[in-house]
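The block underneath contains the structure these notes are about, expressed in structure tokens.
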Amino acid sequence: MIKTYSKDLDYSYTEGFFPTFEMIQNKKEQFRFLYVASDAAESDGLKKLKTLVDSKKIIVSDKAFGIVKSKENSHVIGVFEKYESKLDSSENHLVMVNPSDMGNLGNAMRSLLAFGYHDLALIEPCADRFNPKVIRSSMGAFFKIRIETFSSFEEYLSEYKREYYPFVLDTSNPLSEVSFKKPCSLVFGNEATGLPSSIHNKNNVRIEQSDEVDSLNLTTSIAIALYELKMRS
């Protein structure tokens with residue numbers, strides 16, 4: 001039987017039909033089991049899932065939903081084995097340094113995929129990318145991108161040598177005037193503390209905004225930066 005999620009487990013899970021479809025279609029080799037709520041046993045969604053997985057791996061159990069404290073309308077829980085991936089060195093990367101909010105992390109994955117990018121570097125310490133809250137907020141994007149974690153930004157840069165663009169507030173270099181040298185990395189800091197000064201460089205970038213607000217939300221900033229990078233491709 002499934003256990004309440006813990007970072008120490010060797011598996012995680014999706015909640016709901018859509019992210020579960022995305023997991024099975026994109027990471028079928030990691031799929032383990034499918035738990036189904038009794039009120040969804042005859043649903044069209046389950047009929048579709050049955051065409052994708054071995055029926056022996058489908059378990060009708062309301063108890064499982066109580067254990068994981070799933071949302072009432074989840075109906076299905078897809079259990080999958082945790083896995084590692086490597087970034088593509090020929091592609092542009094999004095680098096998130098010490099992100100702590102799981103919702104922000106999942107939303108950043110959605111933005112990454114929305115603008116056609118597939119590589120995310122996470123600098124520890126950071127939110128657990130396998131936490132079901134991250135996976136849920138990514139709306140399935142989690143299973144379509146490559147994610148690699150690093151103990152420090154220096155470790156990341158030693159493996160992926162390239163131009164990188166730190167997004168900060170204390171620079172006069174506006175995003176509208178930046179010429180990206182590709183492949184490159186867009187680097188964002190923690191929601192509360194931003195980027196450490198040790199990561200700043202000559203490519204520091206500031207997203208232009210009015211002085212009526214202190215700063216933009218992290219995921220909003222990431223979406224703007226990815227859009228600008230895409231439009232200049």
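Would you work out which of Met139, Asn201, His93 lies farthest towards the positive end of the dipole of the chain, given +1 charges on the beta-carbon of Lys and Arg and -1 on that of Asp and Glu, about the Cα centre? In the chain, that residue is Met139.
How high is the relative contact order of the stretch 148-221, given as a whole-number percent (alpha carbon pairs under 8 Å, six or more residues apart)?
Details: 81 pairs, mean separation 28.3, N = 74.
With pairs under 8 Å counted, the relative contact order is 38 percent.
With contributions of -39500 (n - 2.57) from each DSSP H run of at least four residues, the per-residue ellipticity at 222 nm computed over the chain stands at -8000 deg cm²/dmol. Amide H contacts of Ile59: Leu34, Tyr35, Val36, each under 5 Å away and 5 or more positions distant or on a separate chain (H built 1.01 Å from N in the peptide plane; Pro and chain starts excluded).
Over the stretch 107-233, Cα pairs under 8 Å with separation of 6+ residues give a relative contact order of 28 percent.
Among 38-51, 88-101, 173-186, what's the highest-first ranking by average C-beta atoms within 10 angstrom per residue? Numbers along the way, then the final one.
Numbers: 38-51: 12.4, 88-101: 19.1, 173-186: 14.4.
Sorting 38-51, 88-101, 173-186 by mean packing, highest first, produces 88-101, 173-186, 38-51.
Return Asp10, Asp128, Asp211 ranked ascending by Cβ neighbour count within 10 Å, so the fewest neighbours appear first.
On the way: Asp10 9, Asp128 16, Asp211 5.
Least crowded to most crowded, the residues run Asp211, Asp10, Asp128.
Dipole of the chain computed with +1 at Lys/Arg Cβ and -1 at Asp/Glu Cβ about the Cα centre; of Leu9, Thr171, Asn217, farthest Cα towards the positive end is Leu9.
If you take all C-alpha pairs in the stretch 1-147, what percent of them are over 20 Å apart? Of all Cα-Cα pairs in the stretch 1-147, 46 percent lie more than 20 Å apart.
Among Ser198, Ser172, Ser85, the largest mean-square fluctuation in a Gaussian network model of the chain (Cα springs under 10 Å) belongs to Ser198.
Taking Cβ atoms as reference points and 14 Å as the exclusive limit, the residues near Ser221 contribute a net charge of -4, counting Lys and Arg as +1 and Asp and Glu as -1. Tell me whether the stretch 174-223 comes out rounded, prolate or oblate; compute the Cα gyration tensor, take square roots of the eigenvalues as a ≥ b ≥ c, and use a/c under 1.5 as the rounded threshold. Since a/c reaches 1.5 but b/c is at least a/b, the shape of the stretch 174-223 is classed as oblate. Looking at the chain, the DSSP beta bridges with both ends there are about 35 percent antiparallel. Distance between the C-alpha centres of the stretch 106-128 and the stretch 14-57: 25 Å, rounded to the whole angstrom.
Distance check, please: which entries in Lys144/Lys182; Lys7/Lys202; Lys56/Lys133; Lys28/Lys69 exceed 31 angstrom between their Cα atoms?
Details: Lys144/Lys182 22 Å; Lys7/Lys202 37 Å; Lys56/Lys133 27 Å; Lys28/Lys69 25 Å.
Over 31 Å Cα-Cα: Lys7/Lys202.
Quick one: divide the alpha-carbon radius of gyration of the stretch 63-215 by 2.2 N^0.38 Å and tell me what you get. The partial results should precede the final answer.
Working: Rg = 17.0 Å, N = 153, 2.2 N^0.38 = 14.9 Å.
Cα Rg divided by the expected 2.2 N^0.38 Å: 1.14.
Would you work out the charge dipole size for the chain about its Cα centre, treating the Cβ of every Lys and Arg as +1 and the Cβ of every Asp and Glu as -1, and quote it to the nearest 20 debye? Each step should come with its number before you reach the end.
Values: 29 positive and 32 negative charges, 184 e Å.
Using Cβ point charges on Lys, Arg, Asp and Glu, the chain gives about 880 debye.
Each reported figure results from applying straightforward, stated rules to the coordinates on display, with no laboratory input. Quick caveat: nothing in here was measured; it's all calculated off a predicted structure. Neighbour counts run over all protein chains shown; Cβ positions are idealised from the backbone, glycine included.
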